[in-house]
Each structure stands twice: as C-alpha cells, then as structure tokens.
1. Which pairs turn up if I take residues in segment A:116-139 that are within 12 Å of A:Y90 (Cβ to Cβ) and look for partners that are among the charged types (D, E, K, R) with beta carbon separation below 6 Å, at least 6 apart in sequence or on another chain?
2. So which residues in segment B:155-211 are closer than 15 Å to B:Q121 by Cα and either surrounded by fewer than 17 Cβ atoms within 10 Å (Cβ to Cβ) or in contact with a Ser or Thr (Cβ under 6 Å, 6 or more places away or on another chain) (or both)?
3. In this structure, is B:A47 without any contact (Cβ under 8 Å) to a residue 60 or more places away in the chain, of a type outside the set (F, W, Y) and out of contact with any strand residue (DSSP E or B) (no Cβ under 7 Å at 6 or more places or on another chain)?
4. Give me the residue from segment B:225-249 that is facing chain A (nearest Cβ under 7 Å) and not in a loop (DSSP other than H, G, I, E, B) and, out of that set, farthest from B:I142 (Cα to Cα).
5. Say whether the condition of being touching a residue at least 40 places away in the same chain (Cβ under 8 Å), farther than 27 Å from B:A31 by Cβ and within 14 Å of chain A (Cβ to nearest Cβ) is met by at least one residue in segment B:131-153.
6. What helices (runs of 4 or more DSSP H), lying completely within segment A:179-249, carry at least 2 residues that are surrounded by fewer than 24 Cβ atoms within 10 Å (Cβ to Cβ) and at the interface with chain B (Cβ under 9 Å from one of its Cβ atoms)?
7. Being modelled with pLDDT under 95, within 23 Å of A:T145 (Cα to Cα) and crowded, with 24+ Cβ neighbours inside 10 Å, is that true of even one residue in segment A:95-109?
8. Residue by residue through segment B:22-40, note down the ones that are in contact (Cβ under 8 Å) with a residue 12 or more places away in the chain and in a loop (DSSP other than H, G, I, E, B).
Amino acid sequence: MSSQALPVCLVVGAGAGIGGTVGGRFAREGYHAVLCRRTDLDGLNRLVDAIKSDGGVATGFLLDAVAPGSIEDRVAAVEAEIGPIEIVVYNLGAQIGDRSLRDTSAKAFETGWRLGTFGLFRLAQAVCPRMEARGKGTILVTSSTASVRGNGGQHSHAAAMGGRRMLCQTLNAEFAPKGIHVAHIVIDGAVDAPDTLGKMLGPEKFEQLREARGKEHDGLMLPAQIAETYVHLAKQHRSTWTHEIDLRAFSDRPWWNH
Amino acid sequence: MPQDIAIIVGGGPGISASCARLFTQSGMRVAVAARTPDKPVLRDLQAAHGVRLYTCDAAEPAAVERLFQDVVRDLGAPRLVVHNIDGRVPGIFRKGLAEADPELALATLRNAAFSAFLVGQQAARLLCANEPDANGVRGTIIFTNASAALKGFPGSGAFAMACHAKSGLAQSMARELMPQGIHVANVPIDAAIGWRQEDGSRAHRLAGTSVDDNMADPDRIAETYLQLHRQHRSTWAFEVVLRPWVERW
C-alpha cells in the first residue's frame, strides 16, 4: 500500500443497479471504488471501466459472499494492497420472489440468511476493528421493505432482512460511539436495476415496467439518485447521524400501507 | 432559475436559525414566523441574511392562513415549508401523569400538533398550486419532530401525544401528497440540540455544553433538511431520525 493510497469504498454486491452506481458516485468523491460481485466478470469489468473513463479509480473482484473466509480475505487484501476501507456498502440482495412456506426450502431459507444477515456480520467483524483503530468509518447497508414488514411469501427474505436491520442496530450500539456510522437504508420500492429486478422479471417484462412506471414517470427508483442519499449519509457530521432512512418513489405506496 | 421561497414556522436560536442561514446561502428567500419574532437571534437573521420575519401564533387557524397569504404577497409562493415548533409550555415539563395540568397538556397539543395540521394544510393548498419544477416536484414540507415521536418517556405524556400526533399527520400527508409531487418528511431529532453560543461553544439550555459533538449541531441538521428538499422524486425519504454518534437509543 503506497503512502498516498486513496481511501477505499468497498462495495459488496456491485451490480449495474445501486451497488455499482453508488461505487461510482463515491469514486467521484475521491475514493478508490472496490467493487465485488459473485458472478459476471464482463459486467464487473464494464462497471470498473465506466468509473475509470469518468476519471475515477476502481478495482473489481469476483466474491462469493457465502463461501467461508471469502469476505474476510478480501477485506484483508484490500487493506494490505489498495488502501484503508473508510466506507463499506453492503448491497447483497436476498430476494427470491414470493414463495409459500411449503415451497420455501430449508436450503433457500438458509442461503437467504447467509446473504441477508450473516454476510454483514462477517464483513463487520472484518472491517470494524480496522475502522475503530482509525477512529472513523461508514457502513451503508442497503435493505428493503422486507426488513420492516413481513409480506406474504417473503419468509426467507423478510427473516434475512429483519435480521439485517437488527444487526445494524446492534452494530450501532457498539460502534457509533467509536466513530463508526452504520446506516440501514430501507429501499421501499422497485429499483430501475437491470441486474436484480431486470433478471427477476426477464428483459421483456422489465422493459414493460420501465415504460409504464419508470423512465420519465420516476416511479422506479433511480440508482443514480439513490446514490446521492448514500453520499449524504456518508458526509453527515457525527453530531447528527441518521441510522435508518426509508426511500421510495414519490408515486409509490409505502410499506405501512401495504 | 427563480429563487425558491421557504417558510419556517417556529423561530428560535436552533434549527430554524440554522435552516434560515443555510437556505439563504443556497439561494432561497426565507420567511421565519414566530409568536415573538422580536428576539435577537431573529433580528440578526433579518439583518445579516435578509430573512423576513412574521408574527404568528401557529395554533390559530386564522393567523396561519394570514401568514401564508402575507408570505405569498411579500415573497411569492413557497416551495419549502418547515414546521419547527416544539410546543411544550413551561409548566408541562417533567410532570408525571397525576400532576400534569390538563389545560397545559391541551396547550402543548395545540401548539405542537394542531399547529402542524394548520401549517400542513396551508402548505398543501399552496404547494399543490405550484407549477411542477423540472423534476416534476411542487415542493417540500418538513416536520421537525422529537424523540417523543419514537418512544414515550416518563413524565412526558403530553409531549409524547403531540409528537406521535405529528408523526401520524406527516404519514397521512405523505401518502396523500407525495403522488402529487409534494415531498413530506418527518424528522425526529433524537437528541439535545446544542446551538452556537456567543463564546463559540455549543450548548443546550438544560443539558449544558456540548462536548465532543455529543449534542446535535443545528447547522448540520439543516444540511439534512436541504438534502431532503433536493432529493429526486424517484427516491424520497419520509422519516429521517437524527442523533449524535454517542447517543444511546
């Protein structure tokens, strides 16, 4: 690590939606964006190249967050070879669509928990001691409607995200007074994101939805606009921190009315 | 680009003054309404930042209606409205349920929650008539709220009622008005606010001097208010709780 190493914004779960966009936005703030995702090296390289052509600094890694040791090793390597991790964006989704209890396999439930809750626990164990030693750090945790509301068919997702929300609170209780800001960000609506919603719906239905509610209608949440709030949270002064924020499109129904 | 006009209802040395300064520095024209606008901090805002001061008892329907008419006449139609009234009357502080004076409890409800309804109603009527901006937005209404909106503390029944009422009102307004392009936000400040004193320190009237940022800095709170006003309509926050890093919650 050179003495002029840029501070790092580590994104776990960097697709072409919130993760990659937030990483790029922090690159514009002068961070070295380290983007991690499980698959699709071409897609990852496209995100990294886009940040570089925008004048930013970025590196990409494939990372299987479920594999033992994967997150811990990546954090150690980034700290050793790239720079101090000042900002973490934990952006792994765990949505598997609506499934009845009978159709939710134990395996699917467990995987949801590993992505939704346990991965954040492991990431926090890896980065918090380092942030604590430096006296500062920000952990921005993307979350969802399911973190505050158990809707039908969401057994796996709601349990995983509810756990994620509570983990954010306990992390804050321990680490906020040590200078680490943990923010749980409730994305309470559909995001205009090709790698998540797009893949779940398929290209045709996704495009139909974008025509009907997205684009100029602004009824799908735009990752570039979501990223503005992530940056605001990271810049908040420690005398006035937000630990949870809910975001949705102006035209959407919030979770408490579902 | 035309200047946005902001109304801040409830004016003192804390959040309202910080918002008035930041909003004017950001190019807005700002009106501050208070029951007694003849306070040094408000006169300073008038002198240094061109803030217009108005006298208004925000618990009086006719007074609130007149306030908004006057601001429209003097400055133009607002795009940002901040309700920033705590509403507690001195005699209600730290009163257990058995000893709280019902008249003072009702006064607290009127000052805090009923005034929020009145301000929200006037704001909704005016903002709905605004032309949508390039982002399709007609304006922003922000309610300053308190810890008591999140949890009831002992000896704080009247204030808890008022703050929960404000939260319910804000939620209902958000559901009704956000699809019409009006951003409504509820901002509970879960902390003592330490504002800048003449000697440069930050302090709270009862909680003492802020040490190591253990009290919320109203200048920083104002930054979040401005960010809420600027959020794109594809991604609006409704409830934003603000607290210092060392606060227990």
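The values are calculated or read from the model by the stated rules, or taken from the named source; none is laboratory data. All values derive from a computational prediction rather than experimental measurement. Methodologically, a virtual Cβ is constructed for each residue, glycine included, from the backbone with ideal geometry; neighbour enumeration extends over all protein chains shown.
1. So the pair list comes out as A:G116/A:R164; A:T117/A:R164; A:L120/A:R164; A:A126/A:E72.
2. Within segment B:155-211, B:G168, B:S172, B:R175, B:E176, B:Q180, B:H183 meet the criteria.
3. So B:A47 fits the description; yes.
4. B:R243
5. Among the residues of segment B:131-153, at least one is touching a residue at least 40 places away in the same chain (Cβ under 8 Å), farther than 27 Å from B:A31 by Cβ and within 14 Å of chain A (Cβ to nearest Cβ), which makes the answer yes.
6. Helices (runs of 4 or more DSSP H) meeting the threshold: A:223-235.
7. The answer is no, given that none of the residues of segment A:95-109 is modelled with pLDDT under 95, within 23 Å of A:T145 (Cα to Cα) and crowded, with 24+ Cβ neighbours inside 10 Å.
8. B:S26, B:G27, B:M28, B:R35, B:T36, B:P37, B:K39
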